[in-house]
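One structure is given below, encoded as structure tokens.
The values are calculated or read from the model by the stated rules, or taken from the named source; none is laboratory data. Note that this is a predicted model, so its numbers are computed, not measured. Backbone-built Cβ (ideal geometry, glycine too); neighbour counts: all protein chains shown. Surface accessibility is based on the protein's heavy atoms, side chains included, excluding ligands, DNA and RNA. Shrake-Rupley method; radii C 1.70, N 1.55, O 1.52, S 1.80 Å.
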Amino acid sequence: MRNDIVIMRFFKTNQKSFTRKCMFKAALATAATVFTTVACTLVSCKEAQNDTSEYTLKYLPVRMEKDGKWSIIDKDGKIVVDNEYAAEDSISRVFSDGQYWVKSGGKHRLFSIDSPKMPVTEEEYDAVTDFVCGRAFVSHLGEPIQMINSKGKVIATLSKDIKSVHKFSDGLAKFIDSKGKCGYLNTDGEIAIKAKYCVAYIFNDDHAFVREKEDGKWLIIDTQGNKTGEISKDYHPWIFQEGRSAITKEEDGSGLVFVNYKGETVVKPKKDFIYPFGNKNGNSIVIDKEYNFAVINEQGDIIIRTGKYKMIFIYDNGMLLVQSDNKWGVVDIDDNKVVDFIYDDKSLYTLGDNYIFKDGSTWVLVDKNGTELKGIEFKDFELMTELNIVTFTDIKAGVNAVVDQLTTTTGYKPLDGKTSVSEIAAKYKLQPDEKYFGNYIELPESKAGEWTMTVTLEFDSGLITHNSHVETVNDGWFTQENVVDDGIGWNPDATLKAVYQQVTVTDANVSDVSKAMGKALEAKGFKAVGDGPVYEAKRSDGKYIRILTNENANDNTVTLTCYPNFDYSEEDVDYD
């Protein structure tokens, strides 16, 4: 997304909960984080120059009636796909080859504007990116990321070492490997620039900011990976647009200037500003510390005064989308009115040459001369706009790391059948002390593939006891017995009751992980019984090992609970 989109989303979410005087500090940190990790801007590619911007659309998904099905209209407002997709579905922008994504039931399928009733392929994906350069990245749950073309054909399957990849920009796709290092792929899915940066921006204008060390200076590189310039580590850079990039001081966001590919200052505003909101034709939208918008030219002179408009954004055609007295309209760079300030809401997209505004409860199209198109109204429109990054989580490796600890003979394999607290304490070299007054032993945190796992052992009684002995004492006059405290020791009667393996899941749905664990248990010989997530195996001594799976979406955990000593099968229980 462009600089203006990143920050506008932050302000839209947070402007009611911050005062103007303190907002810029929180906004800078938030916008910087969002921008560094997922920022994208004008879509550009050497092989696809017709994709000039993701904010100038040829088609728009709309609902003609409130809560109705989705249709698609063209740049003139004509319906080209009529009531084809369910109201709960989501639709992406239509890409340069006419393809678009439809998300239904959590799965993405690829359709074409020429054949909206039948998908391009039968393949369904869990995650996808936009198409750029005729390429998109896709993933199936727990499988390595793939790159496909606009016909759905797989061009490349990426290494498992690549954990996330950004959509293409300037013919390169930023990726992050298993060590957290950033690099770039070309349109064949090959590594074009090695993963050696701890922080990297996407390319724009054939240049990108990168950092080799967390506290190191910012380097500017070209698409060959060659260094062209640098700036101080004390600045926060944005992306390049029209041959320059805004940079601001990291500490407080002040001191905005624009630098070239060498890192040299080429524009210094005449007033202190903190954010860039996009460049076009040498002009830039900026805001100051009081959250006031202004427009400056390439000499740094203010050409639309600070605070005249409540908000200002720049369209791809160079026109300015502005808010005045809570109403939206359009002016040109000389502040001449193009669209009257009469609309209640707006979109930063344009549909062809038409602006998109909301009038009351209805969205309308307004042409470049400010005239509202007659007979073209719709109740809602939406685009899946967060199709920037696809991630790979090796679910199979994580699940196997958990389930491999369980056996159909002794339950929790690392204990090798040991059940008494003294045996288990000896294995883990534990000394009895007051922290074991309860019934639980928590083992050190371990790894389950890419995830962390905590194993807790539960016993059927307290773990420690106070030991003592009786001594007989005769002082020459009397004989008496004294109880002498020998300290605490392991309770000889405490026996293992359950083992809890709690896995904190990242970059995956806990429900999907829980299901995968169930399948892995069945593959090991455990049998699913009952309606709940219960799995059992009968030991040679006639007892049963019972395992329960539990998922908690609130804290992203899946827990396997192993009961190694059951006298009966859950399958035989009649709960009626």
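Some observations on this one:
- Residue among Asn292, Asn279 that is in contact with a strand residue (DSSP E or B) (Cβ under 9 Å, 6 or more places away or on another chain) and of a type outside the set (A, V, I, L, M): Asn279
- Strands (runs of 3 or more DSSP E) wholly inside segment 218-257 that include at least 2 residues being out of contact with any Leu (no Cβ under 6 Å at 6 or more places or on another chain) and under 16 Å from Tyr197 (Cβ atoms): 218-222, 227-231, 235-241
- Number of positions in segment 405-438 that are under 39 Å from the mean Cα position of the chain (by Cα) and either in contact (Cβ under 8 Å) with a residue 60 or more places away in the chain or under 13 Å from Thr495 (Cβ atoms) (or both): 7
- Any hit, segment 355-375, residues being open to solvent by 30 Å² or more (accessible area, probe 1.4 Å), part of a strand (DSSP E or B) and within 13 Å of Leu321 (Cα to Cα): no
- Evaluating Glu143 against the criteria (1) surrounded by fewer than 22 Cβ atoms within 10 Å (Cβ to Cβ); (2) of a type in the set (Asp, Glu); (3) within 27 Å of Gly243 (Cα to Cα) leaves one unmet condition, (3).
- Note on segment 332-348: among residues that are part of a strand (DSSP E or B) and without any contact (Cβ under 8 Å) to a residue 24 or more places away in the chain, the one that is least open to solvent (accessible area, probe 1.4 Å) is Tyr343.
- Screening Val81, Val94, Val102 for residues that are open to solvent by less than 20 Å² (accessible area, probe 1.4 Å), outside any strand (DSSP E or B) and closer than 30 Å to Ser361 by Cα leaves exactly one candidate, Val94.
- Only one entry of Tyr309, Tyr291, Tyr315, Tyr275 meets the criterion of being modelled with pLDDT of 95 or more, among the hydroxyl-bearing types (Ser, Thr, Tyr) and crowded, with 18+ Cβ neighbours inside 10 Å, and that entry is Tyr309.
- Selection count where residues are without any contact (Cβ under 8 Å) to a residue 24 or more places away in the chain and small (Gly, Ala, Ser), scope segment 179-207: 3
- Considering segment 146-169, and only residues there that are of a type in the set (A, V, I, L, M, F, W, C) and within 22 Å of Ser92 (Cα to Cα), the residue that is surrounded by the most Cβ atoms within 10 Å (Cβ to Cβ) turns out to be Phe168.
- Every residue from segment 396-410 that is open to solvent by less than 10 Å² (accessible area, probe 1.4 Å) and in contact with a Gly (Cβ under 9 Å, 6 or more places away or on another chain): Gly398, Val399, Val402
- Test result for Glu88, out of contact with any strand residue (DSSP E or B) (no Cβ under 6 Å at 6 or more places or on another chain) and outside any loop (DSSP other than H, G, I, E, B): no
- For segment 149-178, the set of residues classified as of a type in the set (A, V, I, L, M, F, W, C), out of contact with any His (no Cβ under 6 Å at 6 or more places or on another chain) and touching a residue at least 24 places away in the same chain (Cβ under 8 Å) consists of Ile155, Ala156, Leu158, Ile162, Val165, Phe168, Leu172, listed by residue number.
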